[in-house]
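Asks: The structure follows.
The values are calculated or read from the model by the stated rules, or taken from the named source; none is laboratory data. In this text the structure is predicted, and so the values were computed from the model without any measurement. When we count neighbours, we look across all protein chains shown, and the Cβ atoms used for this are built from the backbone with ideal geometry, even at glycine.
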Amino acid sequence: MRARRPWLVTGAVLVVAGVVAVAGLVLSRQRPADPPPATVAAPELTELVRTDLTNSLTLQGVVGHGAKTTFTGRKEGTVTALPAAGATVSPGEALYSVNAKPVPLMKGKLPLYRKLDPSVPPGPDVAQLNDALRALGYVTGRGEKYGTETEAAVKRWQKKHGLEQTGALDVGDVVFLPDAVRIAAVTGQVGGSATTALFSYTSTARGITAEIDPAKVDVATLKPGAAATVRLPGGREVPGTLGELTTTGEEGKETQAVSVVVEQLDGVDSGPVVVRVVTESRTGVLAVPVTALLALSEGGYALEVADPAGTTRLVPVRTGLFAGELVEITGDGLEAGMKVVRAA
């Protein structure tokens, strides 16, 4: 029995070796294949284009009688009569009354800032008074001199309105406004002080007013005469132009609005509108997507221009108007149709 042990040991070794060999074969068959080599994605290219760029903003507005202006009385005393909201007051008519005496409206753009009588030096306010009296049918002087004809015309005007015939006008005796007005809202009270905010007024013509939030809109971009597109109730779009910017309300609570002049308001009496205003524009400029700009470490920007041979090069550029996804650019040797690398 002892003489056969070496064979048994040898046999055991052979068996173990066979198992190891079989296991190695199995493992070698189950090892996954090596991953394919990584590929570098080709850069995304875009094209330089020559185009028109515009920036615009959208305002919410309403069809009505234009922007409201707050009127503050300048004649000392007690208010004894106020116009009704919705009333129209024309030059030659009483706007309100102080101490039971009317304060009439006259046509003019310059407020009455000094007492007018024969002793005053010539000035544009005197010329405005002469023009206003003549428009009301009075024979008066001409030009900037307060002469005897002007004094006589003022006395006749005062007599018509039941005023003391002094031939002179003090600050607050009359109100100069460019034209007839429509009373939008009354804020003063009969019996109250006549030197407070008494009412707000608008133009008598229908128009469009767009409210402005200065926290969201740069009012410096809203220039009178700028082109606008107005979408009316019902969806019809008509051209318009911006009018004057107005500020109303008490200090610290001011609101701002801009009027929009539209010729084609036939059939639209009221309702909300959308006003689109072009604030900046460029015509026929080179432009690329903003994502094609590369910020340089030394400052400024560049484009990575792709040449037909497949190489790329950096070209410094100067930026102009940013409009949506595009930016105006200028740079040496750049032309429409060139390919540039765009960030993914």
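Asks: If you go through region 285-301 one residue at a time, do you hit one that is in a strand (DSSP E or B) and within 30 Å of Thr72 (Cβ to Cβ)? Explain how you work it out, then say what you get.
Replies: Quick first cut of region 285-301, residues in a strand (DSSP E or B) only: 285-289, 294-295, 301.
Narrowing further to those that are within 30 Å of Thr72 (Cβ to Cβ): none.
Checked region 285-301: no residue is in a strand (DSSP E or B) and within 30 Å of Thr72 (Cβ to Cβ).
Asks: So Val126 passes all but one of these: (1) in a loop (DSSP other than H, G, I, E, B); (2) surrounded by 14 or more Cβ atoms within 10 Å (Cβ to Cβ); (3) within 40 Å of the chain's Cα centre (by Cα). Which condition number does it fail?
Replies: The failed condition is (1).
Asks: Can we say Leu265 is out of contact with any Pro (no Cβ under 7 Å at 6 or more places or on another chain), at pLDDT 90 or above and more than 30 Å from Val175 (Cα to Cα)?
Replies: no
Asks: Moving on to the next point. Among the residues of region 180-215 satisfying the criterion of being at pLDDT below 95 and in a loop (DSSP other than H, G, I, E, B), which is nearest to Asp269 (Cα to Cα)?
Replies: The selected residue is Arg206.
Asks: Within region 17-68, track down each residue that is charged (D, E, K, R), modelled with pLDDT of 55 or more and not in a strand (DSSP E or B).
Replies: Arg31, Asp34, Lys68
Asks: When you scan region 279-290, do you find a residue that is closer than 23 Å to Thr221 by Cα, modelled with pLDDT of 95 or more and among the acidic types (Asp, Glu), even just one?
Replies: There is no residue in region 279-290 that is closer than 23 Å to Thr221 by Cα, modelled with pLDDT of 95 or more and among the acidic types (Asp, Glu).
Asks: Can you name the number of the only condition in (1) touching a Leu at 6+ places or on another chain (Cβ under 8 Å); (2) modelled with pLDDT of 90 or more; (3) not charged (D, E, K, R) that Gly299 fails?
Replies: Gly299 satisfies every listed condition except (1).
Asks: Additional query: Cβ contacts < 7 Å: first residue free of Cβ contacts under 8 Å to residues at least 40 places away in the same chain, restricted to region 278-299; second residue assigned to a loop (DSSP other than H, G, I, E, B), any location; separation 6+ or different chain. Result?
Replies: If the second residue must be assigned to a loop (DSSP other than H, G, I, E, B), the pairs left are Val290/Glu325.
Asks: Tell me which residues, restricted to region 216-245, are outside any loop (DSSP other than H, G, I, E, B), in contact (Cβ under 8 Å) with a residue 12 or more places away in the chain and either touching a helix residue (DSSP H, G or I) at 6+ places or on another chain (Cβ under 9 Å) or among the charged types (D, E, K, R) (or both).
Replies: Answer for region 216-245, where residues must be outside any loop (DSSP other than H, G, I, E, B), in contact (Cβ under 8 Å) with a residue 12 or more places away in the chain and either touching a helix residue (DSSP H, G or I) at 6+ places or on another chain (Cβ under 9 Å) or among the charged types (D, E, K, R) (or both): Arg231, Glu244, Leu245.
Asks: Mind checking which residues of region 148-169 are touching a strand residue (DSSP E or B) at 6+ places or on another chain (Cβ under 8 Å) and not in a helix (DSSP H, G or I)?
Replies: His161, Gly162, Leu163, Ala168, Leu169
Asks: Also, quick follow-up: For the condition on the phi < 0 side of the Ramachandran plot, under 34 Å from the mean Cα position of the chain (by Cα) and among the aromatic types (Phe, Trp, Tyr), what is the one hit in Tyr146, Tyr201, Tyr138?
Replies: Among Tyr146, Tyr201, Tyr138, only Tyr201 is on the phi < 0 side of the Ramachandran plot, under 34 Å from the mean Cα position of the chain (by Cα) and among the aromatic types (Phe, Trp, Tyr).
Asks: Select from region 259-270 the residues that are buried (at least 16 other Cβ atoms within 10 Å of the Cβ) and either within 15 Å of Gly331 (Cα to Cα) or over 25 Å from the mean Cα position of the chain (by Cα) (or both) and list them in ascending order. Give the steps one after another, and end with the answer.
Replies: Start the filter on region 259-270 by keeping residues that are buried (at least 16 other Cβ atoms within 10 Å of the Cβ), which leaves 259-262, 265, 268.
Hits for region 259-270: nothing passes.
Asks: Limited to region 78-123, what total is found for residues that are of a type outside the set (Val, Ile, Thr), touching a residue at least 24 places away in the same chain (Cβ under 8 Å), assigned to a strand (DSSP E or B) and more than 19 Å from Thr204 (Cβ to Cβ)?
Replies: 4
Asks: Continuing with the same structure: Scan region 271-296 residue by residue and report those that are loosely packed, with under 13 Cβ neighbours inside 10 Å and within 22 Å of the chain's Cα centre (by Cα).
Replies: If the condition is that a residue be loosely packed, with under 13 Cβ neighbours inside 10 Å and within 22 Å of the chain's Cα centre (by Cα), then Gly271, Pro272, Thr283 are the ones that fit.
Asks: Does region 89-123 hold any residues that are under 40 Å from the mean Cα position of the chain (by Cα), of a type in the set (Lys, Arg) and closer than 22 Å to Gly188 by Cβ, and which are they?
Replies: Selection gives nothing.
Asks: Is it the case that region 162-182 has a residue that's of a type in the set (D, E, K, R), surrounded by 14 or more Cβ atoms within 10 Å (Cβ to Cβ) and touching a helix residue (DSSP H, G or I) at 6+ places or on another chain (Cβ under 6 Å)?
Replies: Scanning region 162-182, I find no residue that is of a type in the set (D, E, K, R), surrounded by 14 or more Cβ atoms within 10 Å (Cβ to Cβ) and touching a helix residue (DSSP H, G or I) at 6+ places or on another chain (Cβ under 6 Å), so the answer is no.
Asks: Only residues that are touching a Phe, Trp or Tyr at 6+ places or on another chain (Cβ under 7 Å), among the small types (Gly, Ala, Ser) and in contact (Cβ under 8 Å) with a residue 60 or more places away in the chain: list them for region 141-190, please.
Replies: The answer is Ala184, Ala185, Gly188.
Asks: Considering only region 299-336, how many residues are in contact with a Lys or Arg (Cβ under 9 Å, 6 or more places away or on another chain), over 25 Å from Ser281 (Cβ atoms) and buried (at least 17 other Cβ atoms within 10 Å of the Cβ)?
Replies: Here the count works out to 3.
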